[in-house]
Amino acid sequence: MTSPIWDVPHLAAGSQKPVLDPNQVYIYNMRFCPYAQRTMLVLLDKKVNFNVININLKRKPDWFVAETFGFVPVILYKDDIIPESLITSDLADELFPGAALTPADSVAKAKDRVVLEIFAKVTTSFYKTLLATDNDLAHAALQELLTAKKKVAAEYKKRGTKFFCGNTPGMLDYMMWPWMERLPCIPLRYPNMVLPSCSLDTWVKEMWSTEPVSTYGLTPEQHMMFFTEYRKGDDCNFDFLLK
């Protein structure tokens, strides 16, 4: 069985820059980065033939820092270097064949961006919860998260479709998914915390049934293993999933 294209070591300081073919699509990625996951999901949905270059974000190669902002994802194609998850995801959607993931209707697109703005509170509160230094701070951050999540759930229920974008996942679905995949990490870190069920549970189940998510997604336990590794600083092992 062939290993997925992302099952490659993370290049670190001192490594040589790979030789790139300008006619091929490349993505600077980090296997556990939710922002990079956004663009990975779009590329997989669009069935783009692309190459993955994983980057060690604790010990970044000099050549990576020199040509980027120092973060992932970055798309490289035809000598262009394009960073940032929302930008690279939009680029992949517009540049490559396949059904568009972004609504053609301007108002529908704007409404999706409003939901994504609301969801941004989920992402920030998630990290505040996971990184809290005591239980009181963790519980306060969790309440912020649940308040924002409730608003997003209400929008999902209002739309009445399998996914936020209809009968198939669209850009909004993929842009929110990485953090929804990681939310079960909270009760793993704090066994006394419970994530209440809501209408988004149905959406989560539907998202796991899609090929991009089921192929690239990781378990809460794997995410927590990386969380433990990442706190080791420069000693973080980005490749612990590789056989």
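The values are calculated or read from the model by the stated rules, or taken from the named source; none is laboratory data. No experiment lies behind these values; they were computed from the predicted model shown. Note that we place each Cβ from the backbone using ideal geometry, even for glycine, and neighbour counts take in every protein chain shown.
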Point to revise | Among the candidates Tyr127, Tyr174, residue that is assigned to a helix (DSSP H, G or I), of a type in the set (Ser, Thr, Tyr), under 22 Å from Lys47 (Cβ atoms) and outside the structural domain of Ile82 (by TED's automatic domain parsing) | key: Tyr174
Exercise for review: Output the number of the condition that Ala36 fails; it satisfies all remaining conditions of (1) out of contact with any helix residue (DSSP H, G or I) (no Cβ under 9 Å at 6 or more places or on another chain); (2) at pLDDT 95 or above.
Suggested key: (1)
Check your understanding: What are the pairs, 6+ residues apart or on separate chains, where a residue within the stretch 105-118 that is in the same structural domain as Leu172 (by TED's automatic domain parsing) has its Cβ under 8 Å from a residue that is surrounded by fewer than 16 Cβ atoms within 10 Å (Cβ to Cβ)?
Key -> Ile118/Lys151
Practice item. Being farther than 29 Å from Leu43 by Cβ and surrounded by 12 or more Cβ atoms within 10 Å (Cβ to Cβ) is the filter here, so list the residues in the stretch 189-241 that pass it. Key: Arg189, Tyr190, Met193, Leu195, Cys198
Revision key, fill the gap. Taking the stretch 141-163 and keeping only residues that are under 15 Å from Pro187 (Cα atoms) and without any contact (Cβ under 8 Å) to a residue 12 or more places away in the chain, one is left with Gln143
Study note, to complete from the structure: Within the stretch 7-45, the count of residues that are in a loop (DSSP other than H, G, I, E, B) and either aliphatic (A, V, I, L, M) or surrounded by fewer than 18 Cβ atoms within 10 Å (Cβ to Cβ) (or both) comes to 17
Review point. List pairs: first in the stretch 1-21 and outside the structural domain of Pro61 (by TED's automatic domain parsing), second surrounded by 11 or more Cβ atoms within 10 Å (Cβ to Cβ), Cβ under 9 Å, 6+ apart or cross-chain?
Key: none
